[in-house]
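Taking it in order: structure first as structure tokens, then the write-up.
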Amino acid sequence: MFTGLIQETGKITRLVSSGRTILLTCQASSDLLADYKVGDSMAINGVCLTAVKKTEQTFTVEIMPETYQRTTFSKAKIADEVNLERALAFNGRIEGHFVAGHADTTTRLAEKRVLENALILTFDYPQELAGEIIPQGSIAINGVSLTVTGANARRFSVGLIPHSKDQTNLGKLNRGDLVNIETDLLGKYLKAQRKEQPHE
């Protein structure tokens, strides 16, 4: 479980592919990895992955076919910048929202504009997630906890304050770039409950 508050960005340093299985090595600071060990979780661009190898400033995870199909890792390249967050410690504050690290799907950036101190990012609304992305609801984009500022049947928008823009890879996105998204857990349960309700 994660909060969607990115601790730092890292860089992909190695990719070893075998079909849709990938061994991915990422560089990170020694501070972030100080007590990180094999078997621990890390959210990389919002996807919860388990360390299979670790050095002082790198860690390696194994990506299985299901994750490959649902996320941007199918397009990952050496030197890509990625958002990193260690798993939540339950003796700490929860200042974002609960993020499972299980990306629902990917979508593309449709528009990027500046509004005073905010960077407004507008994305295509994946139709398979209809009803799960609503104005003022929570969403994780590449693992970053954000509030939906607007949504219609085709698109949804979020706003980044300067800190979020500078401390994550979202500020560097260009139109057409692919991102991982995870909708709010509560929204998923409510949607599932509505489906199960008997029709009058």
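The values are calculated or read from the model by the stated rules, or taken from the named source; none is laboratory data. Here the structure is a predicted model, which is why all the values come from computation and not from measurement. FYI the Cβ positions are ideal-geometry reconstructions off the backbone, even for glycines, and counts take in every protein chain you see. Just the protein is used for accessible areas: all its heavy atoms, side chains included, with ligands, DNA and RNA removed. Shrake-Rupley method; radii C 1.70, N 1.55, O 1.52, S 1.80 Å.
Residues that are out of contact with any helix residue (DSSP H, G or I) (no Cβ under 9 Å at 6 or more places or on another chain), open to solvent by less than 20 Å² (accessible area, probe 1.4 Å), within 19 Å of residue 79 (Cβ to Cβ) and in a loop (DSSP other than H, G, I, E, B) within the range 34-65 are absent altogether.
Is it the case, given these coordinates, that residue 103 is touching a strand residue (DSSP E or B) at 6+ places or on another chain (Cβ under 7 Å), open to solvent by less than 20 Å² (accessible area, probe 1.4 Å) and assigned to a loop (DSSP other than H, G, I, E, B)?
On the way: touching a strand residue (DSSP E or B) at 6+ places or on another chain (Cβ under 7 Å): yes; open to solvent by less than 20 Å² (accessible area, probe 1.4 Å): yes; assigned to a loop (DSSP other than H, G, I, E, B): yes.
Taking the combined requirement at face value, the residue satisfies it.
Being over 23 Å from residue 192 (Cβ atoms) and either among the acidic types (Asp, Glu) or free of Cβ contacts under 8 Å to residues at least 60 places away in the same chain (or both) is the filter here; which residues of the range 124-146 pass it? Passing the criteria: only 124.
Looking at the range 6-22, can you tell me whether even one residue there is of a type in the set (A, V, I, L, M, F, W, C), crowded, with 18+ Cβ neighbours inside 10 Å and part of a strand (DSSP E or B)? Yes: the range 6-22 contains one or more residues that are of a type in the set (A, V, I, L, M, F, W, C), crowded, with 18+ Cβ neighbours inside 10 Å and part of a strand (DSSP E or B).
Residues that are basic (Lys, Arg) and at pLDDT 95 or above were ranked within the range 143-171; the one that is nearest to the chain's Cα centre (by Cα) is 155. Output the residues belonging to the range 106-123 that are out of contact with any helix residue (DSSP H, G or I) (no Cβ under 8 Å at 6 or more places or on another chain), surrounded by 14 or more Cβ atoms within 10 Å (Cβ to Cβ) and in contact (Cβ under 8 Å) with a residue 60 or more places away in the chain. Correct list: 107, 109, 110, 112.
Only one entry in 158, 144 is in contact with a Gly (Cβ under 8 Å, 6 or more places away or on another chain) and among the aliphatic types (A, V, I, L, M), namely 144. Of everything in the range 66-91 that is surrounded by fewer than 16 Cβ atoms within 10 Å (Cβ to Cβ), over 14 Å from the mean Cα position of the chain (by Cα) and under 20 Å from residue 167 (Cβ atoms), the residue that is modelled with the highest pLDDT is 79. Listed by position, the strands (runs of 3 or more DSSP E) inside the range 113-194 whose residues that are more than 22 Å from residue 76 (Cβ to Cβ) number at least 3 are 118-124, 144-151, 155-160.
Count of the range 147-181 residues, restricted to those that are touching a residue at least 40 places away in the same chain (Cβ under 8 Å), of a type in the set (A, V, I, L, M) and open to solvent by 10 Å² or more (accessible area, probe 1.4 Å), is 3.
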